[in-house]
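Each remark here refers to the structure printed beneath this line.
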Amino acid sequence: MVVAIGRGTTLRREDIYDAIVSSYKNKYSWLGEQFAEEFLLTACSWSIQEFSKPEFRVRRHLALNWEAAWLKSSLLTKAWKWLGPACTILSDVTVASLRGTVEGREFISPFTLKAPFSVCTEFGQLSAAGMNTELIQKLLIILEEGTLNVSLGKIAMLDEVKREAIEADYGIKFLDNNTFTYNTNWVLMAGTYNSKFLADSALESRFVIMKPKQELNSTLTKYINDSEPYHMDEDVQFHFRAELMREQPIETRIKIPESLFSEFRIITPRELAGLQSYVMCRAWWGIGTLSDHLYMKLTEMKKNSADTWKSDDEKVFEAIEVFPKTILDIAASTGLRKREVYASLKRINASRYWDEEEGIKKWHL
């Protein structure tokens, strides 16, 4: 599909896709390339949901899930800049950010209604807030159905004129003086090192979980250090934003090859919807999807989900199964706190020894 909106240039969707993937790959190597592909599928899922009105949830929410200090915030911040005014950036998700609030007799809208997309670079902070039940439930509903009923006592202070303006501006419907409902097509992209948080709060089922396909190591760090500064082409950015907002419905009936159902004994309805969304989003960018590719994608989806649900002991066992590691290395590779690592090491009867060459204590099976 050709894009020709202002600036005197013509770009196909495929050109936009390739340019953004290249920008990430040039700076962040294979990790940047992997993220860019997931980001672009996530971005166009909003457009498909908004303009094509599929019968199921096509919009994707992206969760980057790997150890701390490995570029999650950098990758997400670049996505925020690509999207521009269509995206807000959050340091944390709070109840107020989902239900809105009233300050000085003025309504502050939920973040979910301010822009189509939001980036949250420290998503795991939700767990630090004591796993607020109300917050988790509201977020689960928004990420899935997109329709939320909100009880907000302060909103009763607003007069009828302001309430009518709020309804017109945000598509909110008041049910009584203190209660309103709204529907949102909001898409969330977040980063967390805490797999346990995603599993315990049932959020794992709402996200496309991205885990690195290769080892995070010094080779990657050196590449990033030696590479040129990240470049964001303004023309590509302009056309990317314009194309996402273009009202142009696409075909949303996606048939998955029969062979896939034969090869996998269990494919859940949620996994099927995820595959259909994946095919649809790639098609939006002009990319076809072969059966072999779908097989690998479903395998990846199942593995990422299973990894998220692993117990602490399973994670620690796998971390030292082949090579001995220090407590800090185990914590980094598993996303667990040091005290949780110590407890698991004791339960699995791991042993420690002094590595003479490196001069540090390591644990092994």
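The values are calculated or read from the model by the stated rules, or taken from the named source; none is laboratory data. Keep in mind it's a predicted model, so treat the numbers as computed, not measured. Here the Cβ is made from the backbone with ideal geometry for all residues, glycine too, and neighbour counts use every protein chain on show.
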Within region 277-304, the count of residues that are in a helix (DSSP H, G or I), more than 19 Å from Q214 (Cβ to Cβ) and either of a type in the set (D, E) or without any contact (Cβ under 8 Å) to a residue 12 or more places away in the chain (or both) comes to 1
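With respect to T10, determine if the residue is over 18 Å from the mean Cα position of the chain (by Cα), without any contact (Cβ under 8 Å) to a residue 12 or more places away in the chain and surrounded by fewer than 20 Cβ atoms within 10 Å (Cβ to Cβ).
Working: over 18 Å from the mean Cα position of the chain (by Cα): yes; without any contact (Cβ under 8 Å) to a residue 12 or more places away in the chain: yes; surrounded by fewer than 20 Cβ atoms within 10 Å (Cβ to Cβ): yes.
Yes.
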Select from region 324-339 the residues that are in a loop (DSSP other than H, G, I, E, B) and modelled with pLDDT of 85 or more and list them in ascending order.
P324, T326
Here's a check for you: in region 44-72, which residue that is among the hydroxyl-bearing types (S, T, Y) and buried (at least 17 other Cβ atoms within 10 Å of the Cβ) is nearest to the chain's Cα centre (by Cα)?
S45
Where the second residue is outside any helix (DSSP H, G or I) and of a type in the set (S, T, N, Q) and the first is over 9 Å from D313 (Cα atoms) and lies in region 327-352, which pairs have Cβ atoms under 7 Å and are six or more apart or on separate chains?
G335/N194
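What number of residues within region 144-171 are among the hydrophobic types (A, V, I, L, M, F, W, C) and either exposed (fewer than 15 other Cβ atoms within 10 Å of the Cβ) or touching a residue at least 60 places away in the same chain (Cβ under 8 Å) (or both)? Steps first, answer last, please.
First, pick out the residues of region 144-171 that are among the hydrophobic types (A, V, I, L, M, F, W, C): 148, 150, 152, 155-158, 161, 165-166, 168.
Cutting the leftovers down to either exposed (fewer than 15 other Cβ atoms within 10 Å of the Cβ) or touching a residue at least 60 places away in the same chain (Cβ under 8 Å) (or both) gives us 156-157, 161, 165, 168.
Total meeting the criteria: 5.
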Quick check on my filter: what residues within region 328-357 are of a type in the set (F, W, Y) and within 34 Å of the chain's Cα centre (by Cα)?
Y342
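For every residue, the table says whether it meets (1) among the charged types (D, E, K, R); (2) farther than 30 Å from P269 by Cα; (3) surrounded by fewer than 20 Cβ atoms within 10 Å (Cβ to Cβ).
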position: S74; (1), (2), (3): no, yes, yes
position: G84; (1), (2), (3): no, yes, yes
position: A96; (1), (2), (3): no, yes, yes
position: G104; (1), (2), (3): no, yes, yes
position: L113; (1), (2), (3): no, no, yes
position: K138; (1), (2), (3): yes, no, no
position: I142; (1), (2), (3): no, no, no
position: K173; (1), (2), (3): yes, yes, yes
Among the residues of region 340-350, is there at least one that is in contact with a Cys (Cβ under 8 Å, 6 or more places away or on another chain), surrounded by 13 or more Cβ atoms within 10 Å (Cβ to Cβ) and modelled with pLDDT of 85 or more?
no
Quick count over region 78-97, residues being in contact with a strand residue (DSSP E or B) (Cβ under 7 Å, 6 or more places away or on another chain) and part of a helix (DSSP H, G or I), is 5
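Taking into account only those residues within region 217-258 that are polar (S, T, N, Q) and without any contact (Cβ under 8 Å) to a residue 24 or more places away in the chain, which is surrounded by the most Cβ atoms within 10 Å (Cβ to Cβ)? Spell out the reasoning first.
Here is the first cut: in region 217-258, the residues polar (S, T, N, Q) are 217-219, 221, 225, 227, 237, 248, 252.
From what is left, the residues that are without any contact (Cβ under 8 Å) to a residue 24 or more places away in the chain are 217-219, 221, 225.
Numbers: N217: 9, S218: 9, T219: 11, T221: 13, N225: 8.
The qualifying residue surrounded by the most Cβ atoms within 10 Å (Cβ to Cβ) is T221.
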Can you find a residue that is loosely packed, with under 13 Cβ neighbours inside 10 Å, over 25 Å from G84 (Cα atoms) and not basic (K, R) anywhere in region 274-281?
no
